[in-house]
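Student: Mind looking over this structure? Questions follow.
The values are calculated or read from the model by the stated rules, or taken from the named source; none is laboratory data. Keep in mind that what you see is a predicted model, and the values were worked out from it rather than measured. A quick note on method: Cβ atoms are made from the backbone with ideal geometry, for glycine too, and the neighbour counts reach across all protein chains shown. Ligands, DNA and RNA are stripped out before the accessible areas are found, and what is left, the full protein with its side chains, is counted by its heavy atoms. Shrake-Rupley method; radii C 1.70, N 1.55, O 1.52, S 1.80 Å.
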Amino acid sequence: MDVFPDFGGVGGAADLRAIVGALLMFVLIVAVLMLIVCAIVWAIASSSGNYQAATKARTGLFVALGAAALAGAGVAWVNFLLGVGEQL
């Protein structure tokens, strides 16, 4: 099952494909970097007994995980909207 959007029904499809691909890459790179940073901060803060920093790092980790999941789901959402747009 292909999860990449079908840009055949849209004018300027090459530009839209480049924009979506660049945004998706940017979001996923930032989300992965934030996952790494927050996991390291969470581990260090927990081991040193700083529970406030550990809680904030854990929240940041979950937010970064959610952002990565939403970025991945955004491709499916764009594909769905393009399919609906072709039927209108």
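Student: Return the pairs, sorted by first residue and then second, in which the second residue is assigned to a helix (DSSP H, G or I) and of a type outside the set (Ser, Thr, Tyr), the first residue lies in the range 16-28 and is touching a residue at least 24 places away in the same chain (Cβ under 8 Å) and open to solvent by less than 60 Å² (accessible area, probe 1.4 Å), the beta carbons are less than 6 Å apart, and the residues are 6+ apart or on different chains.
Tutor: Within 6 Å, the pairs are LEU24/ALA71; VAL27/ALA71.
Student: Out of the range 52-72, which residues are surrounded by 17 or more Cβ atoms within 10 Å (Cβ to Cβ), within 10 Å of the chain's Cα centre (by Cα) and free of Cβ contacts under 8 Å to residues at least 40 places away in the same chain?
Tutor: Correct list: ALA64 only.
Student: Is it fair to say GLN87 is at pLDDT 95 or above and surrounded by fewer than 11 Cβ atoms within 10 Å (Cβ to Cβ)? Reasoning before the result, please.
Tutor: Working: at pLDDT 95 or above: no; surrounded by fewer than 11 Cβ atoms within 10 Å (Cβ to Cβ): yes.
The answer is no for GLN87.
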